[in-house]
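The values are calculated or read from the model by the stated rules, or taken from the named source; none is laboratory data. Please read all numbers here as calculations on a predicted model, not as lab measurements. Here the Cβ positions follow ideal geometry from the backbone for every residue, glycine too, while neighbour counts run over all protein chains shown.
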Amino acid sequence: MGTITERKSKTGGKRYTAQIRMKHQGAIVVNEAKTFAQCRFAVAWLRRQEILVDEAGGALAFSLRRKSDAAQSATGESIIDAYLERLHKTSGQTKLQTLKMLKRFDIAKRDWRMLTATDFIMFGADLLKPSWREWRMKASRSR
C-alpha cells in the first residue's frame with residue numbers, strides 16, 4: 001500500500017521517506033509521509049499506518065477519524081489544563097506558576113497549531129511593555 005524512497009541528504013547520508021497514499025472514488029483521502037534515517041524505521045512506520053487504516057475500516061474512515069481528531073480543541077488553555085491535570089504532581093512550583101500565568105495571555109486563547117513565529121514575537125513584545133513589567137514587580141513584592 002505504501003512506498004519507501006531512498007534519497008541522499010545534504011550531509012551525504014541516506015534518508016528514507018515512507019509514504020502512504022490512498023484514494024476513495026478517485027479522490028485522495030490519505031496522504032501521509034515521514035522521513036527516517038534508517039530504512040527499518042520507515043518500514044515499521046509504514047506498517048503501523050497500514051494497520052491503523054485497516055483498523056479504522058478503510059481509507060475513508062481513517063481520513064474522517066483523523067479530521068475529527070484534529071478538530072478537537074488545541075488552544076493554549078486546553079493544552080495547559082490537560083498538562084496540569086496529568087502531570088501537576090511531578091512538576092515544580094515554578095513550572096506550575098509559569099503555566100498558570102501563561103494562561104492569562106491572549107496567546108493562550110488561540111489554537112496553538114496555527115501559531116507562527118510572528119505570534120511568538122508579538123507575545124514577547126507584549127511581555128516587554130511597561131504595564132506587564134509593573135504588574136510583575138508588584139506581584140513579586142506581594143509575596
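Quick one: would you say A59 is surrounded by 15 or more Cβ atoms within 10 Å (Cβ to Cβ), farther than 30 Å from D106 by Cα, more than 18 Å from the chain's Cα centre (by Cα) and modelled with pLDDT under 90? Taking the combined requirement at face value, the residue satisfies it.
Out of segment 1-15, which residues are in a loop (DSSP other than H, G, I, E, B) and loosely packed, with under 11 Cβ neighbours inside 10 Å? Explain how you work it out, then say what you get.
We begin by selecting, within segment 1-15, every residue in a loop (DSSP other than H, G, I, E, B); these are 1, 9-13.
Within segment 1-15, S9, K10, T11, G12, G13 meet the criteria.
May I ask you to say which residue of K89, K67, K100 is assigned to a helix (DSSP H, G or I), among the basic types (K, R) and modelled with pLDDT of 65 or more? Walk me through it before giving the result.
On the way: K89 fails: assigned to a helix (DSSP H, G or I); K67 fails: modelled with pLDDT of 65 or more.
On inspection, the qualifying residue turns out to be K100.
Cβ separations smaller than 8 Å between residues 6+ apart or across chains give the following pairs from segment 16-44 residues that are assigned to a loop (DSSP other than H, G, I, E, B) to residues that are surrounded by 15 or more Cβ atoms within 10 Å (Cβ to Cβ): A37/R15; A37/Y16; Q38/Y16. Checking segment 72-79 against the condition returns a match, with at least one residue being modelled with pLDDT of 70 or more, of a type in the set (S, T, Y) and in a helix (DSSP H, G or I). Going through segment 24-41 one residue at a time, which ones are at pLDDT 85 or above, under 12 Å from T3 (Cα atoms) and either touching a helix residue (DSSP H, G or I) at 6+ places or on another chain (Cβ under 9 Å) or of a type in the set (A, V, I, L, M) (or both)? Residues satisfying the conditions are A33, K34, T35.
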